[in-house]
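What follows is one structure encoded as structure tokens, with my remarks underneath.
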Amino acid sequence: MSFLPIVERELRVRARQRTTYWTRFFLALGVFLLWGFLIAMAPSGFGRSRGHMLFSAIATVMFVFGLLSGVFITADCISEEKREGTLGLLFLTDLEGYDIVGGKLAATALPALYGSMACVPLLAYSWLLGGVTAGEFWRVTIAIIATLLFSLSIGLLISAFSREARSAMGLTLLTLGAVTGLFPFLGLQAAAISKTSAFQFLSSPSPVCLYSSAFDSSYSSTGGALRFWTSLITILICMSAAMAISAWHVADAWQQKDENSGIGTNKSRTRSLRFGHPTHAFRGRLLDANPFQWLSSRDRLPTLLGRSVCGVLFLAWLGFLLGIGSTTSGVSNLCLIWTGITAYGLHHVLKWLIAIEASRRFNQERQSGTLESVLVTPLSVGGIIAGQRRALVATFLWPLLLAYTINTISFVYVLVADPLPRWNAFKVIVCEICIGGALMLAVDFQALTWVGMWMGLTKPRHHRAILATLARIMLVPWVAIFVLVLLTIGGGSIDFSTFLNLSLLWFGLAAVIESTFIARAKVGLLEAFRQISSDPNPDLTSAAWNQQATALKPREAS
């Protein structure tokens, strides 16, 4: 038997797939267009610093891609095998756990690694413009590749211990967020309180620490070289440990059952807490009103997860808000910065959770084959969609109220408390962001729910549906904010009126794009339901379908 046969097979299969090459092509093309745009927009007299600005911009894009790769690439690779019951078939052979884990990593990491390596020459082009040293180029490249492999290994580890796609992706995102941001923050706070550098080891596993210390400005400082190599070695050790634990656990993971319905067991109590009691009075009324809403809201895990995560972020934001009133200027400024970060994080975490849950139900029912059974019942297509949307509103009602509370308190606090009396322009921008963010949250919720249901019904895998939903709704705003930040860093000065007009243009463009996708998603949902119902139910005539389609309009109008 050859060494690592699964790895060899997966590499051969991936080498023949067109998506491997298209992923590399489009990633390189996107980074090249960004590189050319920054070359054209950067001031001509910016000198050698223009090369370093371009180098930092391209490296940041590659770093963010590598950091989030584990969420969308490896977080569901093993859990998918467990859900489909195919993982145990591999252990009927002479394969070991490390064979399977290595094969999964090779199959999933190859497109991402190809895409990252295709962007490396663009870093070299920035190097040729000046302002970047050879050591800085190689250190940043090593940091990006190490971050990519670290993220993929963390996703693989979470996938080995998970069974559902949403929990695997959510836990991977939370783990990467904790390692990347929470640990360095705790280290900085502990160092500030104790006035020593003894707690800097908490920042070593963070890819952000590795990436930031790879640049010459940090590497040439006192202790910068030690910080870089310590962080690199720590990340490689954590990556190896994650792979080893995954290989050890996957050998027993296929034997684990999804649930244990034994009376009096911990699984039974957990199931009762998660799904509720079937004879509850409210559940009975909900079943009579809309059976699909009853089915969609039966699992209370998304509700508990959304309230827990958003509640923790809200409490953190509230603590930082109270810290702004500190008499120490350094603490006050730091708390002011973190109030914006936590508020921004709560909004975006909430949108990610909405995209995950909106695409889950239809995708899960489509894969299990139960959606076809629902379509032959008296429940209309309009009733199915309306029930799913009402369940989403009930699931994320309290997190949405927390987000609106943050925007309202921030708006009132800036106007009344006046924390920065001399920054009048800043206060206007904050008020605009609070009002615009509140309006965009309502538009985003509508767009994410409609597009999420559409993608969940049409995509073969749940993680692909999530990625497609976020790409359609959130990609353009993210790119616009990123380009605006890069132009500011690149030496261009944006005055108050220009920034205000660009912000209004950004809100209007995002609203128009999302309204277009909402309209397209409504049509796409009807087309997808028509295709699903036409195959197993050839007796469903055109007149019956038109009757179901028209039933959607009065429900949506109400």
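The values are calculated or read from the model by the stated rules, or taken from the named source; none is laboratory data. Small disclaimer: the values here were computed from a predicted structure and weren't measured. When we count neighbours, we look across all protein chains shown, and the Cβ atoms used for this are built from the backbone with ideal geometry, even at glycine.
Mind listing whichever residues of region 228-269 are at pLDDT below 80, among the small types (Gly, Ala, Ser) and part of a helix (DSSP H, G or I)?
Answer for region 228-269, where residues must be at pLDDT below 80, among the small types (Gly, Ala, Ser) and part of a helix (DSSP H, G or I): Ala251, Ala253, Ser268.
When residues of region 299-332 are filtered for being part of a loop (DSSP other than H, G, I, E, B) and within 25 Å of the chain's Cα centre (by Cα), how many remain?
2
Counting only residues that are among the basic types (Lys, Arg) and either over 30 Å from Ser220 (Cα atoms) or assigned by TED's automatic domain parsing to the domain that holds Leu353 (or both), which one in region 134-174 is nearest to the chain's Cα centre (by Cα)?
Arg166
Scan the helices (runs of 4 or more DSSP H) fully inside region 338-419 and keep the ones with 1 or more residues being surrounded by fewer than 21 Cβ atoms within 10 Å (Cβ to Cβ) and of a type in the set (Asp, Glu).
370-375
Can you list residue pairs whose Cβ atoms sit under 7 Å apart, with the first residue in region 71-84 being at pLDDT below 80 and the second being surrounded by fewer than 21 Cβ atoms within 10 Å (Cβ to Cβ) and of a type in the set (Asp, Glu)? Count only pairs 6 or more apart in sequence or on different chains.
Ser79/Glu164
So Ile73 passes all but one of these: (1) surrounded by 19 or more Cβ atoms within 10 Å (Cβ to Cβ); (2) over 28 Å from Gln364 (Cβ atoms). Which condition number does it fail?
For Ile73, the failing item is (2).
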